[in-house]
Amino acid sequence: MSATRLEHQLIEQLALTQQSNQQLTQVLGLKQNYEHLLVASNQQRLKKVTYETMQQVIEELVETWYSKLDDLVYLRLSLESSDRRVYFQAERGKRREWAGIHQFQEQIVVHETLDSGLTPRFVTLEAFVKENDYLKKELEQSFFQLLLVNVRDLALRCRQQHQELELRFMESEMELAKRIQSMLVPKEQLTLNSLRARSVYAPFTYVGGDYIDYIRVDERYTCFIVADVSGHGLPASLLAAGIRTAVRAVLQKSISPDEVLERLNQLLFEDLSKTRTYITMLVCLYDAHEHALLLSRAGHPQPLYLTATQRTVLPLAGGIGLGLSPDSTYKLEKVPLKEAGFLLMYTDGLVESGRKELYRCLHTWQHDLTQILDRYGKEEEATMDHVETYIWEKTREGQQTDDMSVLIIQFQSAEEQLFADADVS
């Protein structure tokens, strides 16, 4: 082999080595850039980002990518709608279309159904890059894809954080609504000369659509009301709170249960029909002079009546619920309290187990409460306590599917009432 040929081969080998070194230097440079971009991505993920700061963070990411990719002459990243409307965009460099420039475009979906400036449908990237070798082009493409993924994740993270804030706010609002509603439910026992009453209330959710109340009208009359607004949750609870105001307004003009229901229906009908809601209600008026109960019901469950000789569901005539017809009328019925005993007014959550199980469930309540009455009947305070405890235990045993309210009314016999009145006078 001649010296000239050997020298020529060495020159070629040196050129190949230099070319390989240049490629290796480029790869190492790209690797460093990639590592730097990964660090920037991780730092961005550690930041607390909100909708208010999201655009600023996107600007920072675009600036980082633009500054670290040497061959990049133009970079635009945009948040877009399904019809390609731009909600926001960040640009760097100048958009040039000339020889030796490679254009890169890619788009990824942020959310399949949402489409707004806060949660766009797409993130779109457009870049102009100086022509370079295949390896470098492939690496740069992966850099752009990384930027797209980062911005998509950023938008989704903002949405998640916003939802968490909304959830916490909603929970605090619901907690406040729960406290307000609990303030409207009677907590103290009502004690009259020959009658006592307590309430048991357990909403299915934070707040419920049951309304339970007793109102001392005057020395002679006391009004007891249990109602159930169709539906659950906050809408039902708002209507239940409205019933309280309406009841007190109506009682200023009329105290007869049938008239109370008619007036309430007239007062609430428009609002109830607009919201496609109705209310079932049982109104009971205690007359201390006659020691009797006057009752009317609007589609509400019939109350349980328990004395020494009668353990039954009172067969009260039932009108339709409030809000179903503007001209509804209701029947008034009178129950003289000859024997000592209990009247339980309740919402259907107490016996909520399906229509087929309703009568069997009522029979179970009747049977168990009768046993309590037989065992503790002579101890008035103890009997009331045991009835209340039994209701709570029974409610916790089952799987509650509705709001549950019970108004427990304990009354003395007519004879005991006469002695009680004589002692007072």
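The values are calculated or read from the model by the stated rules, or taken from the named source; none is laboratory data. Given the structure is predicted, the values throughout are model-derived calculations rather than measurements. All Cβ positions, glycine included, derive from the backbone under ideal geometry; neighbour counts span all protein chains shown.
So residue 338 ticks every box in (1) more than 20 Å from residue 267 (Cα to Cα); (2) not in a loop (DSSP other than H, G, I, E, B) but one. Which box is left unticked?
Failing condition for residue 338: (2).
Which one of 216, 263 is in contact with a helix residue (DSSP H, G or I) (Cβ under 6 Å, 6 or more places away or on another chain) and either more than 25 Å from residue 172 (Cα to Cα) or modelled with pLDDT of 90 or more (or both)?
Going through 216, 263 in turn, the sole match is 263.
May I ask you to say which residue of 115, 70 is in the same structural domain as residue 152 (by TED's automatic domain parsing), at pLDDT 75 or above and in contact with a Gly (Cβ under 9 Å, 6 or more places away or on another chain)?
After ruling out the rest, the residue left standing is 70.
Only residues that are surrounded by 14 or more Cβ atoms within 10 Å (Cβ to Cβ) and modelled with pLDDT under 85: list them for region 37-63, please.
Within region 37-63, 37, 40, 41, 44, 49, 51 meet the criteria.
Here are 369, 358: which of them is at pLDDT below 90, within 31 Å of the chain's Cα centre (by Cα), among the aliphatic types (A, V, I, L, M) and not in a loop (DSSP other than H, G, I, E, B)?
358
Residue check: is residue 125 in contact with a His (Cβ under 8 Å, 6 or more places away or on another chain) and either surrounded by 13 or more Cβ atoms within 10 Å (Cβ to Cβ) or assigned to a loop (DSSP other than H, G, I, E, B) (or both)?
So residue 125 fails the test.
Does residue 272 satisfy the condition of being assigned by TED's automatic domain parsing to the domain that holds residue 237, under 29 Å from the mean Cα position of the chain (by Cα) and at pLDDT below 90?
Yes, satisfied.
Any chance region 335-348 includes a residue that's assigned by TED's automatic domain parsing to the domain that holds residue 277, modelled with pLDDT of 85 or more and of a type in the set (D, E, K, R)?
The answer is yes, given that some residue of region 335-348 is assigned by TED's automatic domain parsing to the domain that holds residue 277, modelled with pLDDT of 85 or more and of a type in the set (D, E, K, R).
If I ask for residues that are of a type in the set (Asp, Glu) and surrounded by fewer than 18 Cβ atoms within 10 Å (Cβ to Cβ), which ones from region 64-103 would you list?
70, 71, 83, 91, 97
Has region 165-186 got any residue that is hydrophobic (A, V, I, L, M, F, W, C), at pLDDT 80 or above and over 14 Å from the mean Cα position of the chain (by Cα)?
no
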